[in-house]
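Here is the structure we will look at, set down as structure tokens.
The values are calculated or read from the model by the stated rules, or taken from the named source; none is laboratory data. All values reported here derive from a predicted model rather than from experimental measurement. Every residue, glycine as well, gets a Cβ built from its backbone with ideal geometry; the counts of neighbours run over all protein chains shown. For the accessible areas, the whole protein counts, side chains as well, though only heavy atoms, and no ligand, DNA or RNA atoms are used. Shrake-Rupley method; radii C 1.70, N 1.55, O 1.52, S 1.80 Å.
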Amino acid sequence: MTLPSVADLTVELMLIPGLAGYETRVATAIKTHLETLGLPHRSDRLGNLSCTLPGDPALPSVMIFTHMDQLGFIVRKIEANGLVRLERLGGVPERALPAQAVVLCTDKGDLPALIANKSHHATGPDEKYKVLPYADLYVDAGFASKAEAEAAGVRIGTPVTYLPRALSLANGRIAGTSVDDRAGCAALLKLVEARQGKPGPTVHFVWSVQEEYNLRGVLPAATALNPAIALQIDLLLACDTPDMTARGDVTLGGGPGISLYSFHGRGTLNGVIPHPALVSLMEAAAETASLPLQRSAHTGALTDLSYIQFMGTEGVACLDVGFPMRYSHSALEVVDPADLEGLVALLDTALSAINPNMILTR
């Protein structure tokens, strides 16, 4: 059996809430697709989901991974009148929060709600251009009392995400919740499908947890699999909107890309300078497959690959590969499925090109 298209898989996974630390429902959907392909899989104690296609033991083993979780909130307080206060989880942009629809993911079911925005007719001149800290915001789910909210399943610690949505845009593009990184999850599923029965290295496919929380959720899986090469699938910041043109040349619809430099620069002295052999591998694969290959270099971006590169006695050869995406960490992000299809083809071609002459020591 074959899997749905990468666009359909992306939409399916975007519509499943999966806050960091609460990825089980997303993992369950991915497991279903792996079982459709007849492939075994396993989950570790943290929730990382992995699937391995054995290959030539003479070749360096590869781990390709992407994260299942999304950013959002945790309920920190329920007011006496039933309104809910939130604690932020992950890099949530406070300026984009008022009036956003959210979902409270309780043990009794998902409850739609909204982050309140003060009535315009009561807003003074000094408030109109002010960004409120998340701690000052509250969620209205329609409850009339704390007891009513608790009876519906809302508790301290209840996970909250943007209300899952997917919009079809012109030219086949998709706007939706948690494109970061459900689009990566979809692309990884299609890559597993493409690699079945092909010669090449042993490839470990991992859908990881808690990337949006502390960037370290994947580490138990990486420790267990002990790869020589690690490739992370994640977004590349699209720079083709008026507010982003100075940040680079990556364009939506311009094809897959690689990161040549990432550095957080916000209290975390971490990032990734890619292994040159992997850069060359992707450049050659793009030429072989007649694909464009975009190049990205950014401060302010960081992936969990930055921690994997230092693992083991020799380190791990690492490279971030990705797809262009607009409006990162907003309630609606935008992706072009053609870029995802190109990404799958790029990685498939690159894996087939790994040979015993590939030198990773430097």
* To do: Could you let me know the centre-to-centre spacing of segment 333-361 and segment 109-165, using Cα atoms, in angstrom?
  => 42
* Asked: What accessible area per residue, rounded to a whole number of Å², is obtained for segment 72-230 using a probe radius of 1.4 Å?
  -> 45
* Asked: With labels modelled as points extended 7 Å from the Cα through the Cβ direction, what inter-label distance (nm, one decimal) is found for Glu150 paired with Ala353?
  -> 6.1
* Run down the lysines and flag those whose C-alpha is under 20 Å from the C-alpha of Lys31, throwing out any fewer than 8 positions away in its chain. => Lys190
* To do: Determine the gain in length on full extension of the stretch Glu127-Glu87; use 0.36 nm per residue of separation and subtract their C-alpha separation, reporting nm with one decimal.
  => 12.1 nm
* Asked: Using alpha-carbon positions, what is the distance between the centroids of segment 256-277 and segment 1-67, in Å?
  -> 25
* Asked: How long is the chain along each principal axis, judged by its Cα atoms, biggest number first, in Å?
  -> 68, 43, 41
* Helix 276-288 versus the longest principal axis of the chain: what is the Cα-based angle in degrees, 0 to 90, to the nearest 10? -> 80
* Asked: Percent of accessible area on segment 1-120 owned by carbon and sulfur, 1.4 Å probe?
  -> 53
* Pairwise FRET efficiency - Lys198 versus Glu314, Cβ, R0 = 25 Å, nearest 0.05 -> 0.35
* Structure fact -> Taking a straight Cα-to-Cα line shorter than 19 Å from Lys77, and setting aside same-chain lysines fewer than 8 residues away, one finds Lys108, Lys146
* **Tilt relative to the chain, helix 24-36 - C-alpha long axis, 0 to 90 degrees, to 10** => 40
* Keeping the other protein chains in place, figure out the carbon and sulfur percent of the accessible area of segment 203-274, with a 1.4 Å probe. => 53
* To do: Calculate the length of the line joining the C-alpha centroid of segment 221-239 to that of segment 75-92, in whole Å.
  => 33
* **Residues Ala284 and Tyr213, FRET efficiency given R0 of 56 Å [Cβ-Cβ distance, rounded to 0.05]** => 0.95
* To do: Round to the nearest 0.05 the FRET efficiency obtained for Thr36 and Asp56 when R0 = 30 Å and r is the Cβ-Cβ distance.
  => 0.70
* Could you check the simple spin-label distance between Thr223 and Thr2, using points 7 Å along Cα→Cβ, in nm with one decimal? => 4.1
* If you take the charge dipole of segment 185-267 about its Cα centre, with +1 on Lys and Arg Cβ and -1 on Asp and Glu Cβ, which of Ala186, Pro242, Val206 is farthest toward its positive end? -> Val206
* Surface per residue (accessible, 1.4 Å probe) for segment 247-351, Å² -> 39
* Angle between the chain longest axis and helix 337-353 axis [Cα atoms, degrees, rounded to 10] -> 30
